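Below is one structure, written out as structure tokens, with a few remarks after it.
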Amino acid sequence: MPWRWVPRAEHRNLPMDALGSMRIDKWLWAARFFKTRALAVEHIDKGRVLLNGQAVKPAHYVRAGDCICVRGPVTRTVFVRGLSQQRGPAPIAQQLYEETAESVEMREKLREQLQFAADPAHSLGQGRPTKRDRRELNRAWDQRWSASIDD
């Protein structure tokens, strides 16, 4: 597709394939991998996002068919299916990429492990007292014996 200048306001109205390519940080934001573009830029700068197996800068362009690997608590590997200049609702954002079967399987395994793992709060033997515990402590404190009190 030959390059043509399009005013900024018209970018939002173009079909996904008419754009051709866009910045990877903007695509990650539009596809809802990150809540803000600043978070996407931070992860890209730290090397947690790979494009076709290589670390890239936030301004690198992504095209349909590229493979993006996003590392975090779970590594997600996706293929870019479409481009969008706008951040839309989640069902539309999911149409922008196709996740690999291995990535989906790893996410399911991690979810299962976390589901059956013990809650970290249960391992704490003692923590902040509850309201009931504080009331019991106050009652015990008020009823304590002291040698200095004259009867």
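Considering only residues that are touching a residue at least 12 places away in the same chain (Cβ under 8 Å), surrounded by fewer than 16 Cβ atoms within 10 Å (Cβ to Cβ) and of a type in the set (D, E), which ones fall in region 16-57? Selection gives D17, D45. Looking across region 94-103, the residues that are touching a Ser or Thr at 6+ places or on another chain (Cβ under 8 Å) and either without any contact (Cβ under 8 Å) to a residue 12 or more places away in the chain or assigned to a helix (DSSP H, G or I) (or both) come down to L96, E102, S103. Give the residues of region 58-75 that are buried (at least 18 other Cβ atoms within 10 Å of the Cβ) and under 13 Å from the mean Cα position of the chain (by Cα), sorted by residue number. Within region 58-75, V70 is the sole residue that qualifies.
Does G82 meet the test of being surrounded by 13 or more Cβ atoms within 10 Å (Cβ to Cβ), over 18 Å from the mean Cα position of the chain (by Cα) and assigned to a loop (DSSP other than H, G, I, E, B)? The answer is yes for G82. Enumerate the pairs (first residue in region 65-91 and under 24 Å from R111 (Cα atoms) and in contact (Cβ under 8 Å) with a residue 12 or more places away in the chain; second residue anywhere and among the aromatic types (F, W, Y) and buried (at least 16 other Cβ atoms within 10 Å of the Cβ)) with beta-carbon separation below 7 Å, excluding pairs fewer than 6 apart on the same chain, so at least 6 apart or on different chains. Short answer, once both residue conditions are applied: V70/F33; V78/Y97; F79/Y97. So which pairs qualify, if the first residue must be in region 125-136 and assigned to a helix (DSSP H, G or I), the second must be not hydrophobic (A, V, I, L, M, F, W, C), the Cβ gap must be under 9 Å, and the two must be at least 6 apart or on different chains? Taking only residues 6 or more apart or on different chains, the pairs are E136/P129. Of the residues making up region 104-117, those that are farther than 20 Å from K35 by Cα and in a helix (DSSP H, G or I) are V104, E105, M106, E108, K109, L110, R111, E112, Q113, L114, Q115, F116.
Read-outs throughout are calculated quantities, based only on the coordinates presented, and are distinct from any laboratory measurement. Please read these numbers as outputs of a predicted model, since none were measured by experiment. So basically every Cβ, Gly included, is an ideal-geometry build from the backbone, and we count neighbours across all protein chains shown.
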